[in-house]
Every structure is written in C-alpha cells, then in structure tokens.
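Enquirer: Have a look at this one.
The values are calculated or read from the model by the stated rules, or taken from the named source; none is laboratory data. Quantities reported herein were computed from a predicted structural model and do not represent experimental measurements. Cβ coordinates were reconstructed from backbone atoms using ideal geometry, including for glycine residues, and neighbour counts include every protein chain displayed.
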Amino acid sequence: MLHHAGTGPRTPARARRARALVAAGVCTAALATGCGTQSQAAAPPTRGGLSVSYQAPRGGDADERAFLRGRGLPEKVAADLNKAVRLPEPVEIVGRSCKKDDIPEYDPAGGRIVLCYGFIGEVRSMFEADGDADPAGRTAGVVTETLYHEAAHALIDKLNLPFTGREEDVADQFAAYRLLRQGEAGRAALLAAADNYDQYARESDPADADPSDEHAPDAVRSANYRCYLYGSAPRRDRARERRSLVDGKRLTKERAELCEEEHRDLRRGWDQLLASHTNDR
Ligand SMILES: [Zn+2]
C-alpha cells in the first residue's frame, strides 16, 4: 500500500498493523509451501545463528527485493549479530511478498523473521511524499532498524532472556543499542526510524488509539529513539545534533535531561542480558 498524503484513508499506526499481522497468522505456514520460491543460495540454516533467504517476489515487489538484496541489509544485520552473539538455534531472516498491509514480524514457531517486500515500498513512498532528499537511504535505515527490532524478539525467545516491562519497548531499545554502536550510519538509521514513526503517527487517526496495544504509540517510539540519540551524543562533539533533536515537540527539553541516563541504562541492560551469550568481549 502506498502512502496517500492527506487524501486517501489514513494509514494505520505501524504498531497496530503489526498486531493485525499476528492475529491473521499471515502466511507463515505457507512460508514452506506457497509463498514463493526460496532463494537457491540460501538454504535453511542447519546450525545456530542468523541466516538470510529471499522468496520470489509477487505482484510489483521485484524492485523491493532488488533493493533489499542490492544493499544487503539483512545480510549486514545477520553478520553483525552472528559476530556479537552466540545463538545456539537457527533464525532465518526471510524476505518475501506478504498480504496487503502486513509488516515485518518474528515468527517464533518457525524461528523466522519475516520482512515483507511491500513494507519497503511503503516506507520509501512516505519519505518520497515528504520530499526527503534521500528516500532510498532513509528507507534502508528504517529497514535496518526494523530488522534489529525483530532480531531482539528472536534473541529474547531463543536465549530465554529475562526482562521487565513490555517486550516491544525492550526490542526498540535493542535496535538502538546495536545501531548506536555503528557510528554515523547507525545514528542515521535510528533517526530515519524515528522520523518514519512520526510519519505514521501523523497519518494515524487518533480515534484508533488503543491503550491496550502492546506497542507504545508511534509518536512515543519516535521520542524514545530521539532520546537515545540525544543521550548517546557527546555534549561537546555533537552539540549541534543535540540541539536539533530537542525541538520541543518530538523531544522536549524536560525529557532530554533524562536521556543520557536512559541511554546508559539501556546499554547496561542489554550488555547484561547478553553477557553470557556474547562474542564481543
Ligand atoms: Zn516487535
């Protein structure tokens, strides 16, 4: 589905659409049978760790698959996490065409992270509609953040990681945790994700707000990412970046005062969660 700025039906929040995907069961069973052909180069993993495969695109998804493969986004995330974490069981990142409005998810039954080609086109069209200077690069950032978020669900599941609070918040924190270790590219990806959550928030009908949603509202997820960007930015070296993040709306001055501590806490939390599973040290 493409973004229609202000004229068509409102775009559901990214979080609400994620829940709809789980409720519908999508085509997880068909992953093995009817959802397209598996890439020959990517056989299902037989050992632990993350692997990547691509199913044949349907409809108009060929460009999105080419975008994903060309940039090697799932491969980069898989390589980063395979280097950092010892995952005893296999988890496969599967690129594929999905039903309309489906978005990425982790399927615990199949040990798969499903990345819908259509989601890539939707995000890109949102950046294009906003007149973004680099819609392709920004889309790649959102996809990378999404893959880390879904990978967090996989790690929590496969490593039986303990935590408190909502798993969705913990997964967002993991995406920030990994991206903020990756210099400018990681920071740009996290900011692209924050901006994309703002776009979804803008397009959502407030009447659809669901207080029982397991995800935080999109605007809150955006504010959290801005907070982690702010909190991880050295005061002296990144003074301009810090100022640009605190616009009084998407991130307030009051919240910003807490962000260094929030960032430190999330880093310490994930360091400890992965301490007995890490290859990093
Ligand atoms: Zn999630």
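Enquirer: Counting only residues that are over 11 Å from Tyr228 (Cα atoms), in a helix (DSSP H, G or I) and modelled with pLDDT under 95, how many does the stretch 239-256 have?
Expert: Of the residues in the stretch 239-256, 5 are over 11 Å from Tyr228 (Cα atoms), in a helix (DSSP H, G or I) and modelled with pLDDT under 95.
Enquirer: Now for a separate question. Regarding the stretch 224-231, can at least one residue be identified that is within 16 Å of the ligand (Cβ to nearest atom), at pLDDT 95 or above and within 19 Å of the chain's Cα centre (by Cα)? Give the steps one after another, and end with the answer.
Expert: First pass over the stretch 224-231, keeping only residues within 16 Å of the ligand (Cβ to nearest atom): 224-225.
Keeping just the survivors that are at pLDDT 95 or above gives 224-225.
Still in the running and within 19 Å of the chain's Cα centre (by Cα): 224-225.
Within the stretch 224-231 (the criterion being within 16 Å of the ligand (Cβ to nearest atom), at pLDDT 95 or above and within 19 Å of the chain's Cα centre (by Cα)), the answer is yes, since at least one residue qualifies.
Enquirer: Within the group Arg236, Arg268, which residue is assigned to a loop (DSSP other than H, G, I, E, B), out of contact with any Cys (no Cβ under 8 Å at 6 or more places or on another chain) and among the basic types (Lys, Arg)?
Expert: On the way: Arg268 fails: assigned to a loop (DSSP other than H, G, I, E, B).
Going through Arg236, Arg268 in turn, the sole match is Arg236.
Enquirer: If you check Tyr177, Tyr197, which single one turns out to be more than 14 Å from the ligand (Cβ to nearest atom) and among the aromatic types (Phe, Trp, Tyr)?
Expert: Tyr177
Enquirer: Got a number for residues in the stretch 55-84 being without any contact (Cβ under 8 Å) to a residue 40 or more places away in the chain, within 16 Å of the chain's Cα centre (by Cα) and not in a loop (DSSP other than H, G, I, E, B)?
Expert: Number of matching residues: 2.
Enquirer: Does Ile113 satisfy the condition of being within 13 Å of the ligand (Cβ to nearest atom), more than 22 Å from Ala275 (Cβ to Cβ) and either of a type in the set (Asp, Glu) or crowded, with 23+ Cβ neighbours inside 10 Å (or both)?
Expert: Working: within 13 Å of the ligand (Cβ to nearest atom): yes; more than 22 Å from Ala275 (Cβ to Cβ): yes; either of a type in the set (Asp, Glu) or crowded, with 23+ Cβ neighbours inside 10 Å (or both): yes.
It is true that Ile113 is within 13 Å of the ligand (Cβ to nearest atom), more than 22 Å from Ala275 (Cβ to Cβ) and either of a type in the set (Asp, Glu) or crowded, with 23+ Cβ neighbours inside 10 Å (or both).
Enquirer: Determine, yes or no, whether Glu203 is over 20 Å from Phe174 (Cα atoms), modelled with pLDDT under 95 and out of contact with any Ser or Thr (no Cβ under 6 Å at 6 or more places or on another chain).
Expert: On the way: over 20 Å from Phe174 (Cα atoms): yes; modelled with pLDDT under 95: yes; out of contact with any Ser or Thr (no Cβ under 6 Å at 6 or more places or on another chain): no.
No, not satisfied.
Enquirer: Here's something else I'd like to know. For the stretch 88-100, give me each residue that is surrounded by fewer than 21 Cβ atoms within 10 Å (Cβ to Cβ) and either under 15 Å from Ala154 (Cα atoms) or within 16 Å of the ligand (Cβ to nearest atom) (or both). Let's see the steps before the verdict.
Expert: So the first thing to find is which residues in the stretch 88-100 are surrounded by fewer than 21 Cβ atoms within 10 Å (Cβ to Cβ), and the list is 88-90, 99-100.
Matches in the stretch 88-100: Pro88, Glu89, Pro90.
Enquirer: Which one of Leu191, Leu179 is at pLDDT 90 or above and either among the basic types (Lys, Arg) or under 16 Å from Glu262 (Cβ atoms) (or both)?
Expert: Details: Leu191 fails: either among the basic types (Lys, Arg) or under 16 Å from Glu262 (Cβ atoms) (or both).
Checking each option against the conditions leaves just Leu179.
Enquirer: Next up: Considering each residue of the stretch 124-148, count those that are touching a residue at least 40 places away in the same chain (Cβ under 8 Å) and either at positive phi or near the ligand (Cβ under 10 Å from one of its atoms) (or both), and give that number.
Expert: 1
Enquirer: Same structure again: Working only within the stretch 149-169, note down all residues that are surrounded by fewer than 21 Cβ atoms within 10 Å (Cβ to Cβ) and within 12 Å of the ligand (Cβ to nearest atom).
Expert: His153, Ile156, Asp157, Arg166, Glu167, Glu168, Asp169, listed by residue number.
Enquirer: Okay, next question. It is to be established whether one or more residues within the stretch 215-227 are surrounded by fewer than 13 Cβ atoms within 10 Å (Cβ to Cβ) and of a type outside the set (S, T, N, Q). Steps first, please.
Expert: Applying the first criterion (surrounded by fewer than 13 Cβ atoms within 10 Å (Cβ to Cβ)) to the stretch 215-227 yields none.
No, every residue in the stretch 215-227 fails to be surrounded by fewer than 13 Cβ atoms within 10 Å (Cβ to Cβ) and of a type outside the set (S, T, N, Q).
Enquirer: OK, next. Looking at the stretch 61-75, is at least one residue at positive phi, surrounded by fewer than 23 Cβ atoms within 10 Å (Cβ to Cβ) and at pLDDT below 95? Step through it out loud before you land on a result.
Expert: From the stretch 61-75, those at positive phi are 72; that's our starting set.
Right, trim to surrounded by fewer than 23 Cβ atoms within 10 Å (Cβ to Cβ) and you get 72.
Now narrow it down to the ones that are at pLDDT below 95: none.
Looking for residues that are at positive phi, surrounded by fewer than 23 Cβ atoms within 10 Å (Cβ to Cβ) and at pLDDT below 95, one finds none in the stretch 61-75, hence no.
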